[in-house]
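First up is the structure itself, then whatever we jot down about it.
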Amino acid sequence: MTDTGPRRIGEAMELRPHAYDPVANPELFDGVLARRVVAFVIDMFILAIPPLFAAIFIFMFGFVTLGLGWGLYFLWWPGTIVWAIFYYGLTFGGSKSATIGMRVMDLEMRTWYGAPAYFVLGAVHAVVYWITVSILTPLVLLVALFNERKRLLHDILIGTVVINNPARAAALRHPQWGDHRPA
C-alpha cells in the first residue's frame, strides 16, 4: 500500500469566516451593549425569584420541623447555581437563542459562524461569564469597547456573538418614513 502524500492524523478542520460583519451589517450591532446591560438586569431579577422563594420556604419549614429544616440551607447555594446554569442553558438553547431579558430587549446569541445557540453552549456561557467576572471584572466589560462586534470577554472565549434579532435589525436597516435617524 503506497501513499502519494503526507499522512495526517485526525480530521481536517476548515476555518469558517465570521457570519456577522459589522461593516456590512451595522444594524446587527447598533445599541447592543446598552440593551445587553438592561437584559442582564432583567435576567438577574428572574434568576433571583426562585432562590428567594426557596429561602423563605426553608425558613418557614425550619420552624415547622423545630429547626431541622434549616439544614436545607446547606443545599440552597448549590441549588441556586444549578438553577442559573439550567436557566441559561434552556433559554439560550431554545428557539430564540436568547434569555428572557434578551428577548425583551430584542437580542439573540449566535455562534461566531452564525449557528443558533444550544443548551451546552448556554450553560458554558454562564459558567465562563461568572468565572471571568470574578477574576477580571473591568476587563470583561472593557473588551467590548475595543472590538468591532461588541463582544465581551466571555463571548470571545467561547465563540459567541450577541446581535439584534432579525426583526429589530430589519427595523434599523429600513427605518420608517417618520424616523429621523442619521444614515
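A few points about this structure:
- Looking at ASP43, ASP21, ASP30, just one residue is more than 19 Å from ALA117 (Cβ to Cβ) and either in contact (Cβ under 8 Å) with a residue 40 or more places away in the chain or of a type in the set (Phe, Trp, Tyr) (or both), and that residue is ASP30.
- Residues in the range 109-147 that are assigned to a loop (DSSP other than H, G, I, E, B) and under 9 Å from PHE92 (Cα atoms): ALA117, TYR118.
- Here is the figure for the range 23-74: residues that are part of a helix (DSSP H, G or I) and closer than 30 Å to MET105 by Cβ total 28.
- Within the span defined as the range 64-87, every residue fails to be within 30 Å of GLU27 (Cα to Cα), without any contact (Cβ under 8 Å) to a residue 60 or more places away in the chain and in contact with a His (Cβ under 7 Å, 6 or more places away or on another chain).
- Evaluating VAL127 against the criteria (1) modelled with pLDDT of 90 or more; (2) β-branched (Val, Ile, Thr); (3) more than 21 Å from PRO51 (Cα to Cα) leaves one unmet condition, (3).
- Against the conditions (1) within 28 Å of ALA48 (Cβ to Cβ); (2) touching a His at 6+ places or on another chain (Cβ under 9 Å), LEU107 satisfies every one except (2).
- Entry remark, the range 84-103: residues being under 24 Å from PRO22 (Cβ atoms) and in contact with a helix residue (DSSP H, G or I) (Cβ under 6 Å, 6 or more places away or on another chain) number 5 in total.
Okay, residues lined up against (1) touching a strand residue (DSSP E or B) at 6+ places or on another chain (Cβ under 7 Å); (2) within 23 Å of ALA126 (Cα to Cα); (3) surrounded by 13 or more Cβ atoms within 10 Å (Cβ to Cβ):
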site	(1), (2), (3)
PRO51	no, yes, yes
PHE59	no, no, yes
GLY67	no, no, no
LEU72	no, no, yes
ILE81	no, yes, yes
ALA84	no, yes, yes
GLY89	no, yes, yes
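- Long-range neighbours under 7 Å by Cβ, at least six apart or interchain, first residue within 11 Å of GLU27 (Cβ to Cβ) and among the basic types (Lys, Arg) within the range 156-182, second at pLDDT 75 or above and part of a helix (DSSP H, G or I): ARG173/GLU27
- Residues in the range 116-129 that are of a type outside the set (Val, Ile, Thr) and in contact (Cβ under 8 Å) with a residue 40 or more places away in the chain: ALA117, ALA126.
- Listed conditions (1) among the charged types (D, E, K, R); (2) in contact with a Ser or Thr (Cβ under 9 Å, 6 or more places away or on another chain); (3) assigned to a loop (DSSP other than H, G, I, E, B); (4) more than 20 Å from ALA24 (Cα to Cα) are all met by LYS96, apart from (2).
- The set of residues in the range 99-108 that are in a helix (DSSP H, G or I) and either within 13 Å of the chain's Cα centre (by Cα) or at positive phi (or both) comprises ILE100, GLY101, MET102, ARG103.
The values are calculated or read from the model by the stated rules, or taken from the named source; none is laboratory data. Here the structure is a predicted model, which means the values were calculated and not measured. Neighbour counts are summed over all protein chains in view; Cβ atoms, including those assigned to glycine, are modelled from backbone coordinates with ideal geometry.
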